[in-house]
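These notes concern the structure reproduced below.
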Amino acid sequence: MIHTTLSTTLISTSLQVGDKEKLGGKISDDEKKTIEEAVDKTISWLDSNKDASPEDLKERKKDLESKVQPIIAKLYAGGAGGPPPDGEDAGQDEKDEL
């Protein structure tokens, strides 16, 4: 079962990074490269370890997520806390001077 979960995570992550209108279009080239390398490394490991124990598979999934999740979390955090629209920050500067 964990093998299927890991495989699904790999496929889903690859598709999301490749979708230029969604995740793939919202992250930098460096971030995209980091995710792609993590996915490729995990796929290679999976191909070489077809009889891996559930514990090893869980560890690989955690390793993949540790590389991917910070990038996705940063994207969502940036979307919610981005700079204010033009003109809204001008009044704030004046208040800071008082």
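Taken over the stretch 58-98, the criterion of being among the hydroxyl-bearing types (Ser, Thr, Tyr) and modelled with pLDDT of 95 or more is satisfied by Ser66 alone. A search for C-beta distances below 8 Å between a residue of the stretch 1-21 that is surrounded by 12 or more Cβ atoms within 10 Å (Cβ to Cβ) and any residue that is of a type in the set (Ser, Thr, Tyr), counting only pairs 6+ apart in sequence or on different chains, returns Leu6/Thr42; Leu10/Thr42.
Of the helices (runs of 4 or more DSSP H) contained entirely in the stretch 1-54, those carrying at least 2 residues that are closer than 24 Å to Tyr76 by Cα, hydroxyl-bearing (Ser, Thr, Tyr) and at pLDDT below 95 fall at 2-18. Within the stretch 1-43, the residues that satisfy the criterion of being under 16 Å from Lys62 (Cα atoms) and of a type in the set (S, T, N, Q) are Thr4, Thr5, Ser7, Thr8, Thr9, Ser12, Thr13, Thr34, Thr42.
The values are calculated or read from the model by the stated rules, or taken from the named source; none is laboratory data. None of these values were measured; they are calculated from a predicted model. Counting neighbours? That spans all protein chains shown, and the Cβs are built from the backbone with ideal geometry, glycine included.
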